[in-house]
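Input: a single structure, listed below in structure tokens.
What follows draws every value from the coordinates through simple rules; no lab data is involved. In this text, all values refer to a predicted model and were calculated from it rather than measured experimentally. Glycine also receives a Cβ, built like all others from the backbone with ideal geometry; neighbour counts cover every protein chain displayed.
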Ligand code: SF4
């Protein structure tokens with residue numbers, strides 16, 4: 001199967017290892033990955049902050065680049081959530097029904113990486129080995145926007161020698177929230193501190209999620225608090241052969 | 001003097017102050033965790049919860065589409081039942097109306113049932129300004145009022161206080177305005193509740209004017225529904241001669257059947273109970289029972305302008321359950337005061353800017369950003385308000401206003417710059433390359449300090465640095481043929497234009513035109529899909545139970561026992577034995593009953609029996625120990641007994657004042673589900689729904705039995721065979 005990778009701006013700029021991991025996992029399963037180099041961002045930052053005009057401008061770039069593909073896969077639940085929900089909402093706010101129909105059609109072809117594995121490819125064991133204690137944080141967009149509950153955990157459970165640890169309040173937000181992290185920095189950090197404390201209490205070495213943006217925040221808090229917690233995108237664990 | 005919110009500060013600043021309060025953080029974390037768990041437990045046990053939510057949302061949407069018609073229907077029904085309806089376009093108008101009504105009674109004080117809307121309009125301050133004392137009677141409101149504090153939660157305004165702080169407030173303040181706290185008061189919640197009972201008792205018994213809000217207004221019967229726990233609501237709705245209810249006009253529901261939906265959604269979402277201890281339902285004036293003067297003040301105060309916003313009107317579905325506060329990660333850390341107004345939490349963040357459209361103070365501009373958009377509120381909301389979507393819409397309003405008013409503000413300029421970067425592949429790739437370059441120079445993986453505005457990030461978080469090799473470089477090297485720019489032809493983005501604003505300011509009108517002006521604005525300019533028929537009958541939630549009669553009796557018993565009521569089963573002839581032993585157990589030596597109770601219920605009792613015929617005075621009732629009453633319907637799933645002043649029951653007051661209530665329930669009166677009970681009841685009857693003894697969850701959200709209503713509830717189930 002041929003899939004287009006939408007890496008996302010955050011991963012493009014800061015987390016290339018996640019992109020590499022996605023490519024490796026998909027190729028190891030026998031699929032072909034295309035990377036349209038003109039891709040930039042989904043527009044989430046703007047759309048969530050109230051800059052609908054600019055956000056839709058970026059969204060048009062996304063649409064132009066990914067229009068031709070049947071399967072678009074992205075290692076970010078929040079970016080996929082943006083394509084699925086925010087585009088439509090923004091088109092409504094702007095009073096543009098044509099755009100609404102266009103983005104609705106596109107949304108059906110864009111998948112979050114773990115969702116693509118479990119729901120399209122029907123794979124849970126990708127042959128990974130990762131002998132560590134891992135906590136899975138369901139980010140708000142994976143859990144509530146995309147409704148991904150057991151899929152990512154099934155993937156982790158199938159990883160050899162990985163111990164999946166539960167922690168208190170796992171389904172609560174980590175406090176990132178895009179612009180929220182800057183506009184309400186103190187509250188955002190307070191929520192983040194509670195999150196890392198609870199993960200630490202559960203004895204996890206690694207915190208894993210489907211969004212590097214949230215992990216940047218949580219990992220940044222942990223590092224600021226001088227905690228040894230490591231953060232990793234799910235794809236990187238699935239690509240691990242330790 | 002009553003404190004009022006008067007905040008011009010933005011949310012982040014107010015939050016900063018609250019975040020530093022460790023005690024507050026601990027209180028909130030404990031309370032919200034408790035209530036979240038309770039809510040989940042009782043929501044999970046309803047197989048049709050999602051259908052109920054959809055039904056709740058659809059009924060409210062129907063209402064929003066027909067508010068003009070429903071409000072006039074309500075008005076005519078309330079009037080027909082002996083009430084007077086007033087229309088208030090603004091908070092000031094409502095306050096003026098209430099002040100005049102109270103003055104006309106020459107009362108110097110009023111007792112109040114907890115009401116968000118009277119806080120919204122600052123009614124207490126308006127009354128005090130005229131020399132009228134307004135006494136809050138809900139336990140949490142009392143704590144806030146005595147502590148000269150501000151409410152911080154919709155349901156539990158004193159959620160930010162823990163038990164020992166509450167004890168201190170009681171000891172210091174109760175004596176200043178009435179009966180002092182008893183000596184040696186501890187922080188045991190039951191003792192605190194008892195102190196509140198004693199402090200307020202005389203105030204209730206001598207009150208001449210009561211003021212309330214309402215949870216629902218039933219258009220087709222003119223009924224008001226007041227949902228509560230402690231019995232203070234029943235006191236205020238039953239004892240004073242004059243009752244004034246101030247209610248937001250969006251609280252209307254089309255018909256009686258709607259309660260079958262909302263009385264399931266509301267208690268489970270708010271206190272996490274299957275049913276709240278008391279719900280009072282009445283319309284207009286009930287001759288000989290309760291207030292003989294009834295005034296309903298219908299309030300607009302921004303609601304019609306919210307209604308005119310097709311994308312934001314959904315906020316008016318809100319039933320003020322506070323579930324969204326309890327699940328909100330932001331609220332849990334900052335508490336309610338950071339929201340700077342009566343309505344805190346996620347609903348406050350959307351409702352306040354909607355009610356104050358056009359008002360662009362720092363607070364209103366900041367509220368839509370007081371959320372991480374995590375979506376927990378939407379998931380919990382019993383009427384499915386998509387709060388995250390509305391927050392984004394309101395942010396758009398803020399930004400669009402900035403574009404006009406402050407086109408050069410730094411945020412706008414940087415967002416435009418980022419847009420320019422992100423919508424050009426060439427510039428974006430340049431940025432990624434620059435990141436790699438930076439990484440090679442800095443040679444670190446994280447930074448601890450960034451310059452403003454990014455210093456906000458590093459105030460509590462380290463930041464990552466870009467890696468030396470970008471994904472693009474790696475992919476190009478490893479997949480020389482796969483990197484395609486884009487196969488799609490470049491198409492011009494379709495022009496998008498902002499829809500014309502449909503909000504128009506209501507024209508200034510004279511006071512006596514308020515009614516017509518309000519009704520006109522209630523005639524929605526955005527009629528949705530609904531035609532003229534309320535959608536109540538068309539939903540798939542459970543309307544009929546499946547349990548056998550034996551199973552219903554068993555379930556009813558189990559629920560009542562959970563509420564700490566005593567339950568016995570009896571034969572038709574065995575009622576008197578149980579009545580006698582219940583009276584003896586409590587040491588109740590005097591008992592009241594309606595004139596029509598079967599003499600066999602009270603045969604051979606050693607207690608003095610009084611019949612409410614002629615009606616007893618409040619003082620006489622207060623001297624009696626117990627009440628024996630029949631009921632109209634009982635609900636097994638929620639352990640609820642409904643009194644409707646019908647056969648074997650009598651006036652509302654007789655099941656309220658004596659401290660010990662014995663109810664005789666006949667087996668055929670027990671239904672399984674709330675909608676079944678609703679179907680059996682007469683919409684025009686004055687009703688009291690009782691689920692266990694009076695109780696409060698106002699101290700750290702733990703349920704404590706026994707506040708203002710009867711503290712002991714005994715139930716005798718008369719088996720059919
Ligand atoms: S918005 Fe929904 S969850 Fe929040 S108080 Fe209103 S009804 Fe309850």
Could you tell me the relative contact order of chain A? Use alpha-carbon pairs under 8 Å, at least six residues apart, and round to a whole percent. 20 percent
Computed Rg/Rh for the stretch B:426-477 (Cα atoms; Rh = Kirkwood radius) stands at 1.05
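What percent antiparallel are the DSSP beta bridges of the stretch B:549-718, to the nearest 5?
Around 25 percent antiparallel, to the nearest 5.
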Go ahead and estimate [θ] at 222 nm for chain A from helices alone: -39,500 (n - 2.57) per DSSP H run with n ≥ 4, summed, over the residue count, rounded to 500. -13000 deg cm²/dmol
What ranking do A:58, B:671 get, fewest neighbouring Cβ atoms within 10 angstrom at the top? B:671, A:58
Computed over chain B: longest principal axis from alpha-carbon atoms vs helix B:67-80 long axis, angle to nearest 10 degrees, is 10 degrees
For the pair residue B:608 and residue B:205, the simple spin-label estimate (label points 7 Å beyond Cα toward Cβ) gives in nm 1.5 nm
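Suppose we keep just the DSSP beta bridges with both residues in the protein assembly as shown; what percent of those would be antiparallel, to 5?
Working: 24 of 93 bridges.
Once the DSSP bridges in the protein assembly as shown are tallied, antiparallel ones form about 25 percent.
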Compute the normalised compactness of the stretch B:549-718: alpha-carbon radius of gyration over 2.2 N^0.38 Å, N being the residue count. 0.97
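Quick one: if the Förster radius is 41 Å, what FRET efficiency do residue B:562 and residue A:27 give, using the C-beta to C-beta distance and rounding to 0.05?
0.10
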Theoretical gain in end-to-end length, residue B:427 to residue B:413 [0.36 nm per residue, Cα-Cα removed]: 3.3 nm
Determine, at each q value in 0.05, 0.10, 0.11 (inverse angstroms), the log₁₀ of I(q)/I(0) that the Debye formula gives when each Cα of chain B is one equal point scatterer. -0.28, -0.99, -1.17
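How large is the convex hull of the Cα atoms of the protein assembly as shown per residue, expressed in Å³ as a whole number? Before the final figure, lay out the partial values.
Details: hull volume 162.7 nm³, N = 963.
Each residue corresponds to 169 Å³ of Cα convex hull volume.
If each DSSP helix of 4+ residues adds -39,500 (n - 2.57) and the sum is divided by the residues in chain B, what number results at 222 nm, nearest 500 deg cm²/dmol?
On the way: 28 runs with 295 residues, N = 721.
Result for chain B: -12000 deg cm²/dmol, rounded to the nearest 500.
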Sequence of B:474, B:87, B:601, B:689 once ranked by neighbouring C-beta atoms within 10 Å, starting from the fewest: B:474, B:601, B:87, B:689
Subtract the Cα-Cα distance of residue A:154 and residue A:129 from 0.36 nm times their separation in residues, and report this length gain in nm to one decimal. 7.6 nm
Return the distance in nm (one decimal) between the two label points of a simple spin-label model at residue B:569 and residue A:202, each offset 7 Å from Cα along Cα→Cβ. 4.6 nm
The stretch A:2-120 - Debye-derived log10 I(q)/I(0), Cα point model, q = 0.09, 0.16, 0.20 Å⁻¹: -0.22, -0.70, -1.06
Modelled FRET efficiency - R0 22 Å, residue B:4 with residue B:79, Cβ distances, 0.05 increments: 0.10
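Compute the Cα gyration tensor for the stretch B:211-309, then decide on rounded, prolate or oblate, letting a ≥ b ≥ c be the square roots of its eigenvalues: rounded whenever a/c is under 1.5, prolate when a/b is larger than b/c in the other cases, and oblate in all that remain. Please report the intermediate quantities before stating the final value.
Working: a/c = 1.68, a/b = 1.12, b/c = 1.50.
In terms of gyration-tensor shape, oblate.
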Run through all the Cα pairs of chain A and give the fraction in each 10 Å bin from 0, expressed as whole percent. 8, 33, 36, 20, 4, 0
Could you give the angle, 0 to 90 degrees to the nearest 10, between helix B:163-177's Cα long axis and the longest principal axis of the Cα atoms of chain B? 60 degrees
Equivalent ellipsoid semi-axes for the stretch B:1-130, as square roots of 5 times the alpha carbon gyration tensor eigenvalues: give them largest first, rounded to whole Å. 33, 29, 15
Using only Cα atoms, find the angle between the long axis of helix B:575-586 and the longest principal axis of chain B, and express it within 0 to 90 degrees, rounded to the nearest 10. 70 degrees
What FRET efficiency do you get for residue B:481 and residue B:440 if R0 is 30 Å and r is their Cβ-Cβ distance, rounded to the nearest 0.05? 0.60
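Hey, could you get me the Stokes-Einstein D for the stretch A:133-238, Kirkwood radius over alpha-carbon pairs, 37 °C and 0.692 mPa s, rounded to whole µm² s⁻¹? It would help to have the intermediate numbers written out before the result.
Values: Rh = 13.6 Å.
D, rounded to a whole number, is 241 µm²/s.
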